[in-house]
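Asks: To start, I am sharing the structure in question, which I have written as structure tokens.
What follows draws every value from the coordinates through simple rules; no lab data is involved. Because the structure is predicted, anything quoted here is derived from the model rather than measured.
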Amino acid sequence: MRTLLDLVLPASCGGCDTPGVDWCTDCAAELSRDPIRLRPRSDPGVPCWALGPYRGAARRAVLAAKERGRRDLAAPLGVALARALSTLRAKDRPLMVVPAPSRRAAARRRGGDPVLRAARAATGWLHDCQVVPLARTRWYVRDSVGLTTRERHHNLHGRIIVAPAAVNSAQIPENVEVVLVDDVLTTGATATETVRALSRVGLRTRAVLVVCGA
Ligand SMILES: [Zn+2]
């Protein structure tokens, strides 16, 4: 089956285009370094971390998953996110991963939400951890591509919501730690709005973790 698929769609590394593999060992090594601390212009008020800077394997993998429909990259991105999450979390508390909301139309166009998919892959490697897509955007939020920092703020202000009903039905443990996960952090506008939306329903975010940060 794999050989047959290779004829149609030759495999290449999602991080560096090396042919014959989906994800090479060099790219895996690049993404398994210690997370780097980010200081976005829009400060969500919680520590922000990235698996790597917005270049190299991290950036290419994010773009391939998002723009080229490389669903298979959820697996290696999940492994790398899990590694970072296990260093960031408190060992004695349950962990809840909340994927940053993606605009539904954009997610559909991309054939699903790559952030949610990678987050789900990550939780498979972690004990006492669940991924709960609590946050969503209101329908009129534009895709942020091409917007300035100011425009992004305006676009997102108050438009990321966490429905209290969703929180109740998720049966969240009392002492849960919340980590917000996204693919890219640039201005910090999405993270800031999502952290704020989570706090409005009584959920305190411990950290933000992204694949790559600008
Ligand atoms: Zn590679």
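Asks: Region 164-214: D in µm²/s via Stokes-Einstein (Kirkwood Rh, Cα pairs, 10 °C, 1.306 mPa s)?
Replies: 134 µm²/s
Asks: So what J values fall out for region 112-121 if you push phi through Karplus, 6.51 cos²θ - 1.76 cosθ + 1.60 with θ = phi - 60°, rounded to Hz, Gly and Pro as x?
Replies: Values, residue by residue: x, 9, x, 5, 4, 5, 5, 5, 5, 4 Hz.
Asks: If you average 1/r over all unlike Cα pairs in the chain and invert the result, what Kirkwood radius do you get in angstrom? Could the numbers behind the result be given before it?
Replies: Numbers: mean 1/r = 0.0571 Å⁻¹.
Roughly 17.5 Å, rounded to one decimal.
Asks: Once amide H atoms are placed 1.01 Å from N in the peptide plane, what residues at a sequence separation of 5 or more from residue 183, or on another chain, have their amide H within under 5 Å of its amide H?
Replies: Answer set, sorted by chain and number: 211.
Asks: Taking amide H positions as placed 1.01 Å from N in the peptide plane, with prolines and chain starts having none, which residues 5 or more places from residue 38, or on another chain, fall under 5 Å of its amide H?
Replies: Sorted by chain and number, the residues that satisfy this are 48, 49, 50.
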